[in-house]
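See below for the structure under consideration.
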Amino acid sequence: MAVVSAEAAVRARGVPRPWRLIAGAFLAGSLLVGLGVGPVGIGVGGIVESALSHVPFLHVHTPLSSLEEAVLWQIRAPRVVLAAIVGGMLAIAGSAYQGVFHNPLADPYLLGVAAGSGLGATLAIAYGHVGTSGQLLPLASFVGGLTAVAAAYALGRSAGAVRAAGALVLAGLTVTLFFTAVQTFVQQQHTNTLRDVYSWLLGGFSTATWSQVAVAAPYVAVSSLAIVLHRRVLDVLSVGDEEAASLGVNVSRLRLLIVVAATAGTAAAVAVSGLIAFVGIIVPHTIRLLVSTSYRAVVPLSLVVGAGFLVLADVLARTVVSPAELPIGVVTAFFGAPFFAVVLRTSRSMR
Amino acid sequence: MIELRSLSIRFDGTEAVRDVSLEVAAEEWVMLIGPNGAGKTSVLRALCGLLPFTGSAWLGGREVRELGRRELARLIALVPQNPVTPPELTVAEYALLGRTPHLGYFAVEGRGDHAAAARALERLDLLPFAKRGLGSLSGGELQRAVLARALAQEAPVLLLDEPTTSLDLGRQQQVLELVDSLRGDGLTVVSTMHDLTLAGQYADRLVLLDRGAVVAEGEPQDVLSPAHLAAYYGANVRVVNGEGGTFVLPVRR
């Protein structure tokens with residue numbers, strides 16, 4: 001029958017196979033660059049053989065010296081893995097916020113989530129004495145981030161349509177400024193912990209450890225899984241709240257659920273890496289330009305490409321002014337701000 | 001198929017719809033007509049659960065208020081007057097959105113869903129357009145794509161809010177003929193309609209609303225009288241009942 005053969009044409013595009021391979025290769029390449037580049041250069045072959053030597057029963061012997069082994073697995077690997085987790089999380093959270101708020105400029109940083117998470121964490125460090133690597137830090141950070149995004153959304157809605165990209169971003173900025181002011185006040189009151197907080201806030205992975213990876217990974221895993229599972233519903237939301245409701249979607253519950261998931265992951269990322277801007281804008285929009293605007297493509301690819309992107313940004317951060325380091329937020333802002341300007345210009349034609 | 005009893009809708013203290021009672025039989029096509037602001041669209045929106053109302057509404061023997069959102073969307077499909085059509089979405093992807101009420105919360109479309117969307121596209125001659133972006137379609141093609149999404153919902157009731165606005169004369173007829181033929185597949189249709197001559201030809205029954213209340217109801221030739229149209233539209237018209245329906249001709253005063 002004609003209909004049977006036609007079914008093949010009636011498919012959602014999802015992630016086209018070539019782009020799966022490209023995104024996978026990009027992430028793998030970024031990881032190898034991140035592991036190999038540094039004051040002690042390690043070749044790709046060395047990294048692969050050393051990795052295989054840690055697999056039992058393979059009987060591969062590492063070609064690296066014990067110093068190189070230590071640099072690779074105790075210094076660089078946690079750093080690269082942490083950057084990948086944080087980058088993937090910020091990018092997929094950005095795509096989720098953009099979907100539920102119908103707003104191309106939504107980003108964890110611009111919505112105030114990052115500032116809120118920062119404040120939550122700072123309060124925990126200053127008053128709760130949890131230290132900068134405690135298990136409680138992501139939780140405090142989550143409460144702060146959720147407060148911030150709720151405030152930004154309420155403010156943006158009262159100021160005008162949330163669909164109007166400008167209103168939500170201005171609301172996010174207002175929230176960010178206020179939270180930053182409170183943050184500065186708290187820091188001034190606690191000069192003894194100020195240095196800790198400050199170096200943490202600037203963002204970066206220079207002190208990354210496997211224990212930080214262990215703190216962030218569960219949150220990021222659950223949060224990004226939740227967002228990936230909602231990728232089809234995010235497409236349904238693209239026809240607007242009312243039509244989505246007429247298709248049987250409980251729009252307000254869905255929005256709450258996705259915002260909570262994205263904020264939990266972002267908060268965990270902020271708790272281990274400080275404030276890193278623009279990843280949530282650059283990565284999803286690049287995918288929209290190159291692959292497709294369907295969230296079935298944007299959401300999963302954001303996770304993979306965001307991970308690779310932040311690993312490369314971190315390589316730049318530690319090599320450009322070597323032996324010193326740039327804060328990674330400086331690197332992402334350097335690329336992100338001009339990119340944001342481009343999105344702002346084109347978003348006038350977007351709904 | 002549809003039964004409304006004293007349906008009333010309030011917006012910010014004013015009554016947009018007052019005491020509307022209406023019955024629509026299976027496979028019937030009932031059109032709601034009336035001047036701007038008469039409450040036609042509000043009735044449609046209340047029926048698909050988008051507006052709170054008082055009174056009662058029944059769909060296939062079940063009370064609308066007691067149906068869950070997904071259940072309701074499996075019984076009733078809405079084609080809004082100005083649908084949001086993301087230009088980058090393909091026609092196939094857009095039609096597949098209609099499968100949402102049939103899918104589990106985290107599920108993606110399976111074989112049955114692809115088949116249903118394909119049937120909808122085939123029915124509306126859109127299969128050759130399946131992979132085209134919505135942004136590249138003409139007005140008539142786009143309206144058919146929106147209909148395809150509603151058909152993919154496989155609901156027994158189809159609500160159309162002004163299905164012919166922004167279409168040229170030929171496309172208007174094409175779309176209405178299509179809708180008419182869909183009734184043969186077992187669909188019950190309720191639509192709002194601006195164009196009274198088209199209403200007089202395609203509707204089985206007309207319901208004339210004015211300021212939220214039903215003021216006339218029945219066969220087109222009875223509802224579309226010069227007296228009614230003068231009283232409720234403030235219009236001066238000549239009505240011709242001829243072969244194929246009732247024709248309303250505006251006449252200069």
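Inter-label distance, A:TRP210 to B:ARG111: 4.7 nm, where each label sits 7 Å from its Cα along the C-beta direction.
Across region A:77-349, Cα pairs under 8 Å and at least six residues apart give a relative contact order of 34 percent.
With bins 20 Å wide beginning at 0, the percent of Cα pairs of the protein assembly as shown falling in each bin runs 19, 42, 27, 11, 2, 0. Here the 3J(HN,Hα) profile of region B:238-250, calculated from phi with Karplus coefficients 6.51, -1.76 and 1.60 at θ = phi - 60°, is 10, 10, 10, 9, x, 5, x, x, 10, 10, 9, 10, x Hz, Gly and Pro shown as x. An oblate overall shape is assigned to region B:37-173, the ratio a/c of its alpha-carbon gyration tensor axes (a ≥ b ≥ c) being 1.5 or greater and a/b not exceeding b/c. Going by neighbour counts of Cβ atoms within 10 Å, the residues A:VAL311, A:VAL71, A:VAL331 line up, fewest first, as A:VAL71, A:VAL331, A:VAL311.
For chain B, averaging the sequence separation of C-alpha pairs within contact (under 8 Å, six or more residues apart) and dividing by the residue count gives a relative contact order of 24 percent. Normalise the Debye intensity by I(0) for region B:154-253, one equal point scatterer per Cα, no solvent, then take log10 at q = 0.10, 0.13, 0.16, 0.23 Å⁻¹ and round to two decimals. At q = 0.10, 0.13, 0.16, 0.23 Å⁻¹ the computed log10 ratios are -0.29, -0.49, -0.73, -1.37. Considering region B:88-154 at the alpha-carbon level, its Rg and Dmax are found to be 11.1, 34 Å. Rounded to the nearest 5, the antiparallel percentage of DSSP beta bridges internal to the protein assembly as shown is 60%. Simple spin-label estimate for A:THR319 and B:ARG132 gives 4.8 nm between the two label positions (7 Å along the Cα-to-Cβ direction from each Cα). Computed over region A:192-345, the Cα gyration tensor eigenvalues convert (square root of 5λ each) into semi-axes of 31, 19, 13 Å, ordered from largest to smallest. The alpha carbon centroids of region B:88-156 and region B:11-28 are separated by 29 Å. Between the C-alpha center of region A:273-351 and that of region A:167-221 there is a gap of 19 Å.
Each listed q (0.08, 0.11 Å⁻¹) maps to a log10 I(q)/I(0) for chain B, found by the Debye formula over equal Cα scatterers with no solvent: -0.32, -0.60.
The length gained on full extension between B:ARG62 and B:ASP180, counted as 0.36 nm times the residue separation minus their Cα-Cα distance, comes to 39.9 nm. Per-residue ellipticity at 222 nm computed for the protein assembly as shown from its helices equals -17500 deg cm²/dmol, with DSSP H segments shorter than 4 residues left out and the rest contributing -39,500 (n - 2.57). For region B:1-67, just say rounded, prolate or oblate: build the C-alpha gyration tensor, square-root its eigenvalues into a ≥ b ≥ c, call rounded for a/c under 1.5, and beyond that prolate if a/b exceeds b/c, oblate if not. Oblate is the answer for region B:1-67, as a/c is 1.5 or above yet b/c matches or exceeds a/b. Note on A:ARG17 and A:ALA51: the extension gain reaches 9.4 nm, defined as 0.36 nm multiplied by sequence separation minus the Cα-Cα distance. Over chain A, the reciprocal of the mean inverse Cα-Cα separation, the Kirkwood hydrodynamic radius, stands at 21.0 Å.
Rounded to the nearest Hz, the phi-derived 3J(HN,Hα) couplings of region B:197-209 under the Karplus curve 6.51 cos²θ - 1.76 cosθ + 1.60 (θ = phi - 60°) are 5, 5, 4, x, 9, 9, 7, 6, 8, 10, 10, 9, 9, where x marks glycine and proline.
Annotation for region A:64-104 versus region B:161-218: alpha-carbon center distance of 57 Å. For chain B, give the share of DSSP beta bridges that are antiparallel, in percent and rounded to the nearest 5; count only bridges with both residues there. The antiparallel fraction comes to roughly 60 percent. Is the C-alpha gyration tensor of region A:1-155 telling us rounded, prolate or oblate? Criteria: a/c under 1.5 is rounded; beyond that, a/b larger than b/c is prolate, otherwise oblate. Because a/c hits 1.5 or more and a/b fails to exceed b/c, region A:1-155 counts as oblate.
Under 5 Å from the amide H of B:GLU217 lie the amide H atoms of B:LEU208, each residue being 5 or more positions distant or on a separate chain, with H modelled from the backbone and absent for Pro and chain starts.
Laboratory data are not the source of any read-out in this text; all were calculated from the coordinates shown. These numbers were taken from a predicted model, which means no experiment stands behind them. Backbone-built Cβ (ideal geometry, glycine too); neighbour counts: all protein chains shown.
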